[in-house]
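For reference, the structure discussed in these notes is given below.
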Amino acid sequence: MSKKAILLVNVGTPDKPDAKHVRKFLLQFLNDSRVIDLPWIVRKILVNLIIVPFRVKKSTLLYKELWTDKGSPLLYYLESLVVKLQIKLKNEYTVMGAMSYGHPSLKEAMQKLKEGSFDEITLLPLYPQYASSTSGSVQDSIMSEIRKWEIIPKIRFISQFYSHPSFIEVFANKIKSYQPEKFDLVIFSYHGLPLRQVQKTHPNIGLESCNCENQLPEHGKYCYKATCYETTRLLATKLNLSSENYSISFQSRLSNNWLTPFTDKTLVLAAQNGCKRILVVAPSFVTDCLETVVEIDKTFKNLFLLAGGEELVLVESLNDKEEWVEAIVEILC
């Protein structure tokens, strides 16, 4: 009987919400050449001498807001997800979890997989839509480790799952539980990307000409922008939302040369135009994290209220819910 393993991977988190550990985490994260895709020397100067020194204090405060009695949500939900998935799959697979940055590290997980002498390994980055800086980075890191192995087993990467019926079903059901029809507007907010990174998925056509907002182009099935819009269309169809009842935006930008429209500006404009109650959905996150718990549910909520809005509600992510565990089984199969 063949030995099979599953490795779930998420982005990562500092070990503790203090300046020392946040600095260490940011240095590892931002020095990834797929996260900041600039020449080596430019990236080193920018990250090590400018971005991290100036961001570490603010980031530490944000992580302190995120932290709970159980620690970082990204970590304890990953650990819970691994346990629940292992119970669901029984002895058919060995299930493990790892983080791209921080602990448990990808390198440590790959060493355990090597020592386990598995015949087949399935790798699932927990990012619904593919991006070079997320799923691509995971695959790059894993291949760097595997190429050192003497015996290489069968490797299966699941690069993205935004359109899988089980993912759409479980996320739509979560949204439905918030009664979206009672809100003035539903905003689907996705993590942003630099425009240059999205452009790389359209090497022979300008990003402004690819019509990503209206269709999933054949030449760009891994275009992050296109798959975000397609995710929204699939969810809106499942929820029977008409186009005038929802909008799409992008958050967490580091500059204005990122995907637009920006979520914070969208919320302020909506409030100024008379929207009082807004439901925010974040379908690029399957686990609640800094971008959902703090950025949307605290920072953006305050912006909306100050601009004249009355209520902003964030749809909780899938986290370790039983329905999500069952959906992952379907995605893996």
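The values are calculated or read from the model by the stated rules, or taken from the named source; none is laboratory data. All of these numbers come straight from a predicted model, not from anything done at the bench. Neighbour counts run over all protein chains shown; Cβ positions are idealised from the backbone, glycine included.
Spot the failing condition for GLY274; the list is (1) of a type in the set (Gly, Ala, Ser); (2) assigned to a loop (DSSP other than H, G, I, E, B); (3) buried (at least 17 other Cβ atoms within 10 Å of the Cβ), and only one is missed.
In the conditions (1) of a type in the set (Gly, Ala, Ser); (2) assigned to a loop (DSSP other than H, G, I, E, B); (3) buried (at least 17 other Cβ atoms within 10 Å of the Cβ), GLY274 misses (3) alone.
Show the residue pairs that are 6+ apart or on different chains and have beta-carbon atoms under 8 Å apart, the first residue being within the range 311-328 and outside the structural domain of VAL170 (by TED's automatic domain parsing), the second being assigned to a strand (DSSP E or B) and at pLDDT below 95.
Cβ pairs passing all conditions: none.
Across the range 82-103, which residue is surrounded by the most Cβ atoms within 10 Å (Cβ to Cβ) among those that are in contact (Cβ under 8 Å) with a residue 40 or more places away in the chain and of a type in the set (S, T, N, Q)? Give the steps one after another, and end with the answer.
Filtering the range 82-103 for residues in contact (Cβ under 8 Å) with a residue 40 or more places away in the chain gives 82, 84-85, 88-89, 92-103.
Next cut, of a type in the set (S, T, N, Q) only: 94, 100.
Details: THR94: 17, SER100: 24.
Among those residues, the one meeting the criterion is SER100.
Just one of the numbered conditions (1) modelled with pLDDT under 90; (2) touching an Asp or Glu at 6+ places or on another chain (Cβ under 6 Å) is not true of TYR229; which one?
It is condition (1) that TYR229 fails.
Is it the case that LEU318 is buried (at least 21 other Cβ atoms within 10 Å of the Cβ), over 21 Å from VAL198 (Cβ atoms) and under 20 Å from the mean Cα position of the chain (by Cα)?
Details: buried (at least 21 other Cβ atoms within 10 Å of the Cβ): yes; over 21 Å from VAL198 (Cβ atoms): yes; under 20 Å from the mean Cα position of the chain (by Cα): yes.
Answer is yes for this residue.
Somewhere in the range 269-277, is a residue of a type outside the set (D, E, K, R) and closer than 15 Å to LEU66 by Cβ? Show your work before the answer.
So the first thing to find is which residues in the range 269-277 are of a type outside the set (D, E, K, R), and the list is 269-275.
In the following step, the residues that additionally are closer than 15 Å to LEU66 by Cβ were identified as none.
Scanning the range 269-277, I find no residue that is of a type outside the set (D, E, K, R) and closer than 15 Å to LEU66 by Cβ, so the answer is no.
Of the residues LYS107, LYS112, which is without any contact (Cβ under 8 Å) to a residue 40 or more places away in the chain, touching an Asp or Glu at 6+ places or on another chain (Cβ under 9 Å) and not assigned by TED's automatic domain parsing to the domain that holds PRO194? Let's see the steps before the verdict.
Working: LYS112 fails: touching an Asp or Glu at 6+ places or on another chain (Cβ under 9 Å).
Exactly one of LYS107, LYS112 is without any contact (Cβ under 8 Å) to a residue 40 or more places away in the chain, touching an Asp or Glu at 6+ places or on another chain (Cβ under 9 Å) and not assigned by TED's automatic domain parsing to the domain that holds PRO194, namely LYS107.
Taking the condition of being of a type in the set (Lys, Arg) and surrounded by 17 or more Cβ atoms within 10 Å (Cβ to Cβ), how many residues in the range 158-184 meet it? So that I can check it myself, show each step before the final result.
Step one: of the range 158-184, the residues of a type in the set (Lys, Arg) are 174, 176, 182.
So of that shortlist, the ones also surrounded by 17 or more Cβ atoms within 10 Å (Cβ to Cβ) come out as 174.
Matching residues across the range 158-184 total 1.
Out of curiosity, is LEU305 of a type in the set (A, V, I, L, M) and part of a helix (DSSP H, G or I)? Quick ask: steps written out before the conclusion?
Details: of a type in the set (A, V, I, L, M): yes; part of a helix (DSSP H, G or I): yes.
When the stated conditions are applied, LEU305 passes them.
Starting from residues that are in contact with a strand residue (DSSP E or B) (Cβ under 8 Å, 6 or more places away or on another chain) and either in the same structural domain as ALA282 (by TED's automatic domain parsing) or not polar (S, T, N, Q) (or both), keep the ones in the range 128-148 and report whichever is nearest to VAL325 (Cα to Cα).
VAL138
Checking TYR162 against (1) more than 16 Å from the chain's Cα centre (by Cα); (2) within 30 Å of CYS275 (Cβ to Cβ), which single condition isn't satisfied?
Against the list (1) more than 16 Å from the chain's Cα centre (by Cα); (2) within 30 Å of CYS275 (Cβ to Cβ), TYR162 comes up short only on (1).
So, in the range 225-244, of the ones that are within 17 Å of LEU259 (Cβ to Cβ) and among the hydrophobic types (A, V, I, L, M, F, W, C), which residue ends up surrounded by the most Cβ atoms within 10 Å (Cβ to Cβ)?
CYS228
Within the range 15-30, is there a residue that is surrounded by 14 or more Cβ atoms within 10 Å (Cβ to Cβ) and in contact with a Leu (Cβ under 6 Å, 6 or more places away or on another chain)?
no
Find the residue count for the range 7-48, including only residues that are without any contact (Cβ under 8 Å) to a residue 60 or more places away in the chain, hydrophobic (A, V, I, L, M, F, W, C) and within 25 Å of MET96 (Cβ to Cβ).
Residues flagged as without any contact (Cβ under 8 Å) to a residue 60 or more places away in the chain, hydrophobic (A, V, I, L, M, F, W, C) and within 25 Å of MET96 (Cβ to Cβ) within the range 7-48 amount to 0.
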